[in-house]
1. Hey, can you tell me all the residues within the range 176-190 that are in contact with a helix residue (DSSP H, G or I) (Cβ under 8 Å, 6 or more places away or on another chain) and under 18 Å from residue 32 (Cα atoms)?
2. Just to be sure I understand, how many residues within the range 27-39 are in a loop (DSSP other than H, G, I, E, B) and more than 16 Å from ligand 2 (Cβ to nearest atom)?
3. Scan (1) within 12 Å of ligand 2 (Cβ to nearest atom); (2) over 20 Å from the mean Cα position of the chain (by Cα); (3) not in a loop (DSSP other than H, G, I, E, B) for the single condition residue 60 breaks and write down its number.
4. Is one or more of the residues making up the range 49-59 more than 11 Å from ligand 1 (Cβ to nearest atom), modelled with pLDDT of 75 or more and in contact with a strand residue (DSSP E or B) (Cβ under 6 Å, 6 or more places away or on another chain)?
5. Is it the case that the range 146-165 has a residue that's within 14 Å of ligand 1 (Cβ to nearest atom) and either surrounded by fewer than 19 Cβ atoms within 10 Å (Cβ to Cβ) or closer than 25 Å to residue 52 by Cβ (or both)?
6. Sort through 184, 188 and tell me the only one that's in contact with a strand residue (DSSP E or B) (Cβ under 6 Å, 6 or more places away or on another chain), modelled with pLDDT under 95 and in the same structural domain as residue 21 (by TED's automatic domain parsing).
7. Within the range 70-88, take every residue that is within 11 Å of ligand 2 (Cβ to nearest atom) and touching a helix residue (DSSP H, G or I) at 6+ places or on another chain (Cβ under 6 Å) and give me the one that is modelled with the lowest pLDDT.
8. Looking at the range 40-54, can you tell me whether even one residue there is in the same structural domain as residue 123 (by TED's automatic domain parsing), within 16 Å of ligand 2 (Cβ to nearest atom), out of contact with any helix residue (DSSP H, G or I) (no Cβ under 8 Å at 6 or more places or on another chain) and without any contact (Cβ under 8 Å) to a residue 40 or more places away in the chain?
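The values are calculated or read from the model by the stated rules, or taken from the named source; none is laboratory data. Treat the numbers as computed from the prediction; the structure is a model and nothing was measured. Cβ sites come from the backbone with ideal geometry, for glycine too, and all protein chains shown count toward neighbours.
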Ligand code: ADP
Ligand code: MG
């Protein structure tokens, strides 16, 4: 693999949490119902994602590792995509920055395995696996010590992984998520678990909210449901009296994707302007849904920003939707 490829890969894979995000998104796109994520040493030495999704046929494993190869686009309309991935960059990027092994079994096929080291992949081998996919990434950035130096402590990297998992778990309440720290030689320590939620979407989201943000928040949260000019806002927001201290607990989604968008976060703050002091962050899990043509989620592959065609409308929807719910609750 050339240096050019490694540098390009570094932009998609900044740290262990970004590798976890790509791998878990792939598992979700594969229709997985159960996703288990294991890591060691903050993800620096090991990241392993196991799913029960559709799997990859042995013959397709080399293709899955080649740049810009994706099974998720039919070539018709780039904006109308409902899967997380569509660039075909994650697996080749991960293969360029760590020791990557994919073991997979698609229905009607035998299990198979492929390994990549330094961007070069070995031949496909048979592998025993009942279904789904296991992706193992070891020794992230082993070939680029300069990048290793920029990683934070194991604890901070592990926290970032937990944050990614919680965001994706909020986005996919019907999927079971388990996160385990397998550092050292013990059996591993479960860091987070969310069983698959049941019922309709509203119930499922509320149940998942309890898993992710805790029972106290879930039981005191205001249900939000508002609409404006083709944008739909749903979710839950904290009562002004509920506070998680200075911890940021803001889960924002656009068309089902977790985002950390400045405009959306600013609108959320704006809605609570009269209630919260400057160092407090309103806790919320909010979903903005709209026609895919009204938003560009394609701004940057790794940074979860979006660009709305009319940001003013979205901002107004969030501020008025939340203020309306707060007023109804007597605030
Ligand atoms: P993208 O997700 O943008 O398509 P990736 O590099 O992340 O690109 O993955 C390449 C391809 O490998 C995917 O399009 C998909 O066909 C296949 N793939 C990756 N991970 C999985 C998985 N966990 N289960 C099934 N197929 C997968
Ligand atoms: Mg992908």
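1. First, the residues of the range 176-190 that are in contact with a helix residue (DSSP H, G or I) (Cβ under 8 Å, 6 or more places away or on another chain): 177, 179, 181, 183.
Answer for the range 176-190, where residues must be in contact with a helix residue (DSSP H, G or I) (Cβ under 8 Å, 6 or more places away or on another chain) and under 18 Å from residue 32 (Cα atoms): 177, 179.
2. Filtering the range 27-39 for residues in a loop (DSSP other than H, G, I, E, B) gives 30-33.
From what is left, the residues that are more than 16 Å from ligand 2 (Cβ to nearest atom) are 33.
Residues that pass the stated criteria total 1.
3. Answer for residue 60: the failing condition is (1).
4. The first filter runs over the range 49-59 and keeps only residues more than 11 Å from ligand 1 (Cβ to nearest atom), leaving 58-59.
Imposing the further condition that a residue be modelled with pLDDT of 75 or more reduces the set to 58-59.
If we keep only those that are in contact with a strand residue (DSSP E or B) (Cβ under 6 Å, 6 or more places away or on another chain) as well, we get 58.
Yes, because at least one residue in the range 49-59 is more than 11 Å from ligand 1 (Cβ to nearest atom), modelled with pLDDT of 75 or more and in contact with a strand residue (DSSP E or B) (Cβ under 6 Å, 6 or more places away or on another chain).
5. First, pick out the residues of the range 146-165 that are within 14 Å of ligand 1 (Cβ to nearest atom): none.
Taking every residue of the range 146-165 in turn, none turns out to be within 14 Å of ligand 1 (Cβ to nearest atom) and either surrounded by fewer than 19 Cβ atoms within 10 Å (Cβ to Cβ) or closer than 25 Å to residue 52 by Cβ (or both).
6. Numbers: 184 fails: in contact with a strand residue (DSSP E or B) (Cβ under 6 Å, 6 or more places away or on another chain).
Just a single option satisfies the conditions, and that option is 188.
7. Taking the range 70-88 and keeping what is within 11 Å of ligand 2 (Cβ to nearest atom), we get 70-72, 83-88.
Remaining after also requiring touching a helix residue (DSSP H, G or I) at 6+ places or on another chain (Cβ under 6 Å): 83-85.
Working: 83: 71, 84: 76, 85: 68.
Ranking the candidates gives 85 first.
8. No - not one qualifying residue is present in the range 40-54.
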